[in-house]
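What follows is a short report on a single structure.
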Amino acid sequence: MPDHSKVITILKELDINVAGSIVEDSGAPERLFIHVAIVRDSKNKQVPSNRKLNDARHALAEEGITVEFLLTDGQQQDIEAGLRATVLHAFGSNVRNVFMSTTGGSAQVWIEPKQMLNEAVSKAIAEKVKTYISGFNTELGSLALTTGENVPSALACLRAIRQLAPVDSSELLLELVNRGFTVPSTDWLRRRLDMMRKKGQIVRLGGNRYVLSLGSIRSLGTKKDGASPDITRMLALARRGM
Amino acid sequence: MEIVAQHLQHEAVVRTLSVERDLFGRSAFNRYYYATFLEVKASLAKLRPQWAGELAHASVPEVLRGKVKKELSRGRNTAQKMNDIAVVALCQKALSATESLAKIMDEGRATRVAADYHPEIPIVFVAVSDFRLNTVGVQTAQTWPHKARILLVAISSAWKQVHA
């Protein structure tokens, strides 16, 4: 078991103040969890910096001690609480929850809607969030509405076409539904296929059957494992008795 | 599991004996962590069925930062080559969700270890109905399960577009 006071001394030398008690990981006692309270300097930079924390991690590793730093950012927690109150106050009937996380200095805001939101409401929520965040000198990295929206992307369509080609739109629709996607209508899928054809991603053969263009096959690439598209395609062909 | 945690949290607040407040308080942290762990495990098992068996507590952040991130960035690169901007954005969000989720799991696990194995670290009441364990507030612990759910939706929907 590593010596905690030694760890604290090493960290103090690097101006890193430990908050709370150091605990060993239950499964791996040589690994320590260390809470560090983060503050912001006048330029809104994190203190201690990630670089300094990394240096500390290396210094401790040389002593044979593995540490996991858990950063507590009091200011971020305040901003997050305020943001939640603001958004829920204005959009309580549309939004179930809001929270904020930070990675690499910019903030990500996550919004969980109560139901599918129309564009006007989404926009209004985004505006509100931007206005609020900008008041704290914090950069908004991204705003995500986690709708769990589930329509197949162009990429997902291409992957399905690759496996079944040549395939017509009704077979493709069935395949996409089998893969767990929601396809709004046959018309929606036809328009999507048309768009992909105009971009040169797929080619239409006789009988309204589609195959990938050479460019698409090259860009999609392949994988050398059990999920290899070459193998899944062979299996799909075999299932169809070809 | 989450309702059990809420109940324990409530009990910790209404009890009068400090020994009992401590016991219920630390168990609340434990249950909030487990509720979160189970959410994460169930969702990750849907992405890759073989993960269901191998996901021990310690390995969750590791799997997230390793295999999950790797697959998502590979998907993002393919989407980039196909000029599918929507999927690129989806993967980008999922990647940042993965890091946030790994952080929550680290914090949760460290707190759970303190709750279960370190009785010498006490529950500290900072307000009538607010208490902390080793600097982590119960109101933070309370948010772990639903934060995890939101982040998992972001991860799953990107995953589906590049893997289904």
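Pick from A:Thr186, A:Thr131: which is more than 14 Å from chain B (Cβ to nearest Cβ), of a type in the set (Ser, Thr, Tyr), surrounded by fewer than 19 Cβ atoms within 10 Å (Cβ to Cβ) and under 25 Å from the mean Cα position of the chain (by Cα)?
None of the other options fit; the residue is A:Thr131.
Within the range A:81-97, track down each residue that is in contact with an Asp or Glu (Cβ under 9 Å, 6 or more places away or on another chain) and charged (D, E, K, R). Break it down stepwise before answering.
Keep residues of the range A:81-97 that are in contact with an Asp or Glu (Cβ under 9 Å, 6 or more places away or on another chain), which gives A:95-97.
Scanning the range A:81-97 gives a single hit, A:Arg96.
What are the residues in the range B:137-164 that are within 22 Å of B:Ala79 (Cβ to Cβ), more than 8 Å from chain A (Cβ to nearest Cβ) and without any contact (Cβ under 8 Å) to a residue 12 or more places away in the chain, if any?
none
Which of (1) farther than 23 Å from A:Ala156 by Cα; (2) touching a residue at least 40 places away in the same chain (Cβ under 8 Å); (3) among the charged types (D, E, K, R) does B:Glu71 not meet, given it meets every other one?
Only one criterion in (1) farther than 23 Å from A:Ala156 by Cα; (2) touching a residue at least 40 places away in the same chain (Cβ under 8 Å); (3) among the charged types (D, E, K, R) is unmet by B:Glu71, namely (1).
Just wondering, is there one or more residues in the range B:84-96 that are within 17 Å of A:Ser219 (Cα to Cα), of a type in the set (Asp, Glu) and at the interface with chain A (Cβ under 8 Å from one of its Cβ atoms)?
Checking the range B:84-96: at least one residue is within 17 Å of A:Ser219 (Cα to Cα), of a type in the set (Asp, Glu) and at the interface with chain A (Cβ under 8 Å from one of its Cβ atoms).
Test each condition in (1) under 21 Å from B:Gly25 (Cβ atoms); (2) more than 7 Å from chain A (Cβ to nearest Cβ); (3) touching a helix residue (DSSP H, G or I) at 6+ places or on another chain (Cβ under 8 Å) for B:Asn134 and report the one that comes out false.
Of (1) under 21 Å from B:Gly25 (Cβ atoms); (2) more than 7 Å from chain A (Cβ to nearest Cβ); (3) touching a helix residue (DSSP H, G or I) at 6+ places or on another chain (Cβ under 8 Å), only one is false for B:Asn134: (2).
Can you name the residue in the range B:99-136 that is among the hydrophobic types (A, V, I, L, M, F, W, C) and assigned to a loop (DSSP other than H, G, I, E, B) and, of all such residues, is modelled with the highest pLDDT? Let's see the steps before the verdict.
Taking the range B:99-136 as the starting set, the residues that turn out to be among the hydrophobic types (A, V, I, L, M, F, W, C) are B:101-102, B:104-105, B:110, B:113-115, B:121, B:123-128, B:131, B:133, B:136.
From what's left, assigned to a loop (DSSP other than H, G, I, E, B): B:121, B:128.
Working: B:Ile121: 93, B:Val128: 88.
Per the criteria, the residue is B:Ile121.
For the range A:18-28, does any single residue satisfy the condition of being more than 18 Å from B:Val138 (Cα to Cα) and away from every other protein chain (no Cβ under 12 Å)?
no
Considering only the range A:110-127, I want to know if a residue exists there that is touching a residue at least 24 places away in the same chain (Cβ under 8 Å), assigned by TED's automatic domain parsing to the domain that holds A:Asn17 and under 24 Å from the mean Cα position of the chain (by Cα). Spell out the reasoning first.
As a first pass, look at the range A:110-127 and keep what is touching a residue at least 24 places away in the same chain (Cβ under 8 Å): A:110-113, A:116-117, A:121, A:124-125.
Then keep just the ones that are assigned by TED's automatic domain parsing to the domain that holds A:Asn17; that gives none.
So far as the range A:110-127 goes, no, none of its residues is touching a residue at least 24 places away in the same chain (Cβ under 8 Å), assigned by TED's automatic domain parsing to the domain that holds A:Asn17 and under 24 Å from the mean Cα position of the chain (by Cα).
How many residues are under 23 Å from A:Gly74 (Cα atoms) and surrounded by fewer than 20 Cβ atoms within 10 Å (Cβ to Cβ) if we restrict to the range A:100-113?
Kept after step one, since they are under 23 Å from A:Gly74 (Cα atoms), are these residues of the range A:100-113: A:100-111.
Still in the running and surrounded by fewer than 20 Cβ atoms within 10 Å (Cβ to Cβ): A:103-106.
The total comes to 4.
Would the range B:79-91 turn up any residue that is crowded, with 22+ Cβ neighbours inside 10 Å and under 22 Å from A:Thr102 (Cβ atoms)?
Among the residues of the range B:79-91, at least one is crowded, with 22+ Cβ neighbours inside 10 Å and under 22 Å from A:Thr102 (Cβ atoms), which makes the answer yes.
Scan the range A:84-95 and tell me whether some residue there is under 23 Å from B:Ser156 (Cβ atoms), modelled with pLDDT under 85 and within 14 Å of another protein chain (Cβ to nearest Cβ). Steps first, answer last, please.
First, pick out the residues of the range A:84-95 that are under 23 Å from B:Ser156 (Cβ atoms): A:94-95.
Pick out the ones that are also modelled with pLDDT under 85 and you get none.
Scanning the range A:84-95 turns up no residue that is under 23 Å from B:Ser156 (Cβ atoms), modelled with pLDDT under 85 and within 14 Å of another protein chain (Cβ to nearest Cβ).
Scan (1) more than 25 Å from B:Ala115 (Cα to Cα); (2) under 26 Å from the mean Cα position of the chain (by Cα) for the single condition A:Phe69 breaks and write down its number.
For A:Phe69, the exception is condition (1).
Being among the acidic types (Asp, Glu) and outside any loop (DSSP other than H, G, I, E, B) is the filter; apply it to the range A:11-69 and report the residue that is nearest to B:Pro122 (Cα to Cα). So that I can check it myself, show each step before the final result.
Narrowing the range A:11-69 to residues among the acidic types (Asp, Glu): A:13, A:15, A:24-25, A:30, A:41, A:55, A:62-63, A:68.
This time we only want the ones that are outside any loop (DSSP other than H, G, I, E, B), so: A:13, A:24, A:55, A:62, A:68.
Working: A:Glu13: 28, A:Glu24: 16, A:Asp55: 31, A:Glu62: 32, A:Glu68: 21 Å.
Here the residue is A:Glu24.
Do you know which of the residues in the range A:9-39 that are under 29 Å from the mean Cα position of the chain (by Cα) and at pLDDT 85 or above is nearest to B:Asn134 (Cα to Cα)?
A:His35
Would you check if A:Arg209 is buried (at least 16 other Cβ atoms within 10 Å of the Cβ), among the charged types (D, E, K, R) and either on the phi < 0 side of the Ramachandran plot or within 12 Å of chain B (Cβ to nearest Cβ) (or both)?
Details: buried (at least 16 other Cβ atoms within 10 Å of the Cβ): yes; among the charged types (D, E, K, R): yes; either on the phi < 0 side of the Ramachandran plot or within 12 Å of chain B (Cβ to nearest Cβ) (or both): yes.
Considered against the rule, which asks whether it is buried (at least 16 other Cβ atoms within 10 Å of the Cβ), among the charged types (D, E, K, R) and either on the phi < 0 side of the Ramachandran plot or within 12 Å of chain B (Cβ to nearest Cβ) (or both), A:Arg209 comes out as yes.
Scan the range A:134-152 for residues that are over 16 Å from the mean Cα position of the chain (by Cα) and within 12 Å of chain B (Cβ to nearest Cβ) and jot them down.
Taking the range A:134-152 first, the residues over 16 Å from the mean Cα position of the chain (by Cα) are A:134-139, A:151-152.
Residues satisfying the conditions are A:Val151, A:Pro152.
Out of all the residues in the range B:8-26, is one or more part of a helix (DSSP H, G or I) and either within 12 Å of chain A (Cβ to nearest Cβ) or within 15 Å of the chain's Cα centre (by Cα) (or both)?
The answer is no; no qualifying residue exists.
Please find, among B:Val60, B:Val68, the residue that is surrounded by 15 or more Cβ atoms within 10 Å (Cβ to Cβ), under 12 Å from the mean Cα position of the chain (by Cα) and in a helix (DSSP H, G or I).
Numbers: B:Val68 fails: under 12 Å from the mean Cα position of the chain (by Cα).
Sole residue among the options that is surrounded by 15 or more Cβ atoms within 10 Å (Cβ to Cβ), under 12 Å from the mean Cα position of the chain (by Cα) and in a helix (DSSP H, G or I): B:Val60.
So, of the residues in the range B:115-131 that are within 20 Å of B:Arg15 (Cβ to Cβ) and within 9 Å of chain A (Cβ to nearest Cβ), which turns out to be surrounded by the most Cβ atoms within 10 Å (Cβ to Cβ)? Before the answer, list the steps.
Here is the first cut: in the range B:115-131, the residues within 20 Å of B:Arg15 (Cβ to Cβ) are B:115-116, B:119, B:121-131.
Still in the running and within 9 Å of chain A (Cβ to nearest Cβ): B:116, B:121.
Working: B:Asp116: 14, B:Ile121: 18.
Looking at the filtered set, the residue picked out is B:Ile121.
The values are calculated or read from the model by the stated rules, or taken from the named source; none is laboratory data. Not measured: the values here are computed from a predicted model. Every residue, glycine among them, receives a Cβ derived from its backbone with ideal geometry; neighbour counts consider all protein chains shown.
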